[in-house]
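The values are calculated or read from the model by the stated rules, or taken from the named source; none is laboratory data. The structure displayed is predicted, hence computed values, not measured ones. Cβ coordinates were reconstructed from backbone atoms using ideal geometry, including for glycine residues, and neighbour counts include every protein chain displayed. Heads up: the accessible areas ignore ligands, DNA and RNA and are worked out on the full protein's heavy atoms, side chains in. Shrake-Rupley method; radii C 1.70, N 1.55, O 1.52, S 1.80 Å.
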Amino acid sequence: MTRWPLYLLILIVVLSAGDDTVRHALRFEREAILNGEVWRVLTCHLVHLGWMHTALNGAGLLLVAWLLPKGKTQYWLLFWVAASLFTSVGVWLDDSVWAYVGASGVLHGLLLLAAWYSRWLEPIRRYLMLVIIVGKLIWEQTPFYSDAQLAASIGGHVVVDAHLYGGLAGLIALLAITMWSRIQHGTPKSLED
């Protein structure tokens, strides 16, 4: 099992153990960011609405650890930061969102990469996971998707566009890594190099 997702999970659990003051100080909040609190574009992905929200995102991090993705920890954490920024910019561009918390957006991109670079998944299962995640992202953008039950259990509305932005960050990273590897080496590599 890869350890870096577990370290992120520990950080998220510690922050979740804090009171509402911690969540309010770290969440994405449009007005606070405009007033210079720019750290919120990163920290908002580490705080959650409550324990159920934390548990669901924690399960995603455990799935990443279980997939045992190849690569050095610093590259994965760099992706976490890049996907956090990409997702926050997307949320910023949506004028209807004034506050946001949660790791699920970044997790969608992280799961795409972790499945693709898994040390043990055979190619057919990698493709299947990509199709399932991309299919979920598309479904969430249709009128057939409803977050009513999930919103009731986590204590707030699900910003499905954050999932889309995080998933896009993962797909962009996957394409960029593949293209760069082909340019450099003539064959696709992973995050190991």
message: Can you say whether Leu63 is among the aliphatic types (A, V, I, L, M), open to solvent by 10 Å² or more (accessible area, probe 1.4 Å) and at pLDDT 95 or above, as far as the supplied structure shows?
response: yes
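Taking the options Leu8, Leu15, name whichever one is touching a residue at least 24 places away in the same chain (Cβ under 8 Å), more than 26 Å from Tyr117 (Cβ to Cβ) and either surrounded by fewer than 20 Cβ atoms within 10 Å (Cβ to Cβ) or of a type outside the set (D, E, K, R) (or both).
Leu15
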- prompt: Of all the residues that make up segment 155-182, how many are over 22 Å from Trp92 (Cβ atoms) and surrounded by 12 or more Cβ atoms within 10 Å (Cβ to Cβ)?
  reply: 7
message: Cβ-Cβ under 9 Å, sequence separation 6+ or interchain: first residue in segment 80-103 and without any contact (Cβ under 8 Å) to a residue 12 or more places away in the chain and of a type in the set (Asp, Glu), partner part of a helix (DSSP H, G or I) and surrounded by fewer than 17 Cβ atoms within 10 Å (Cβ to Cβ). Which pairs?
response: Asp95/Arg30
